[in-house]
Amino acid sequence: MRYSKKVMDHFSHPRNVGEIEDASGVGEVGNPVCGDIMKIYIKVKDNVITDIKFNTFGCGAAIATSSMVTEMAKGKTIEEALKLTNAAVAEALDGLPPIKMHCSNLAADGLKAAIIDYKKKSGLPCDNLKVEHSCCGGCGAAK
């Protein structure tokens with residue numbers, strides 16, 4: 001299995017690792033098939049993601065996609081961040097091996113789960129948003 005240089009860079013030197021103590025929203029997703037667990041923290045000010053951090057327990061691809069999705073979402077409005085797709089995360093990393101594509105799904109799901117948590121905490125409507133785990137059919141790990 002070959003990974004792109006970008007995947008290896010984000011795995012070896014992940015960006016935005018850690019927690020945000022007073023996070024506006026926290027999303028946690030997991031894939032019971034492969035054991036990957038991802039937690040994403042967002043800080044939102046004036047509808048913009050001003051800070052974002054993650055903790056991931058999983059394979060190199062899961063760490064790389066977590067790092068990339070935080071880079072892609074930082075500075076975006078909530079609406080822009082919700083448009084980040086699994087395919088966009090994988091593409092930004094110059095692709096993933098087919099057996100590791102579920103990891104990009106997890107990253108996008110984690111971001112969406114954090115945004116849903118933020119909206120709920122802020123009293124904003126989020127009824128039309130849900131985390132659908134295309135990676136595993138809905139493992140129920142989203143909180």
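No value in this document is a laboratory result; all are computed from the given coordinates. Keep in mind the model is a prediction, meaning the values are calculated, not measured. Note that we place each Cβ from the backbone using ideal geometry, even for glycine, and neighbour counts take in every protein chain shown.
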Worksheet, complete the sentence: Sequence order, segment 80-96: Karplus ³J(HN,Hα) from phi using 6.51 cos²θ - 1.76 cosθ + 1.60, θ = phi - 60°, Hz rounded, Gly and Pro as x, gives 5, 5, 5, 7, 5, 9, 4, 5, 5, 5, 5, 5, 5, 8, 6, x, 10
Response to the item:
For segment 5-122, percent of DSSP beta bridges that are antiparallel (nearest 5) comes out at 95 percent
Worksheet item: When the Kirkwood hydrodynamic radius is evaluated over all pairs of different C-alpha atoms of segment 1-84, what value in angstrom, to one decimal, is obtained?
Response: 13.2 Å
Item to complete: Arrange the peptides 110-119, 43-52 so that the one whose residues have, on average, the most other Cβ atoms within 10 Å appears first.
Response: 110-119, 43-52
Worksheet item: Can you tell me the Rg and the Dmax, both Å, for the Cα atoms in the chain?
Response: 13.8, 45
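Just list whichever of LYS5/LYS120; LYS100/LYS121; LYS76/LYS121; LYS45/LYS100; LYS6/LYS45 have alpha carbons separated by over 26 Å in the model shown. Mind dumping the intermediate values first?
Details: LYS5/LYS120 38 Å; LYS100/LYS121 33 Å; LYS76/LYS121 19 Å; LYS45/LYS100 34 Å; LYS6/LYS45 30 Å.
Long pairs (Cα-Cα over 26 Å): LYS5/LYS120; LYS100/LYS121; LYS45/LYS100; LYS6/LYS45.
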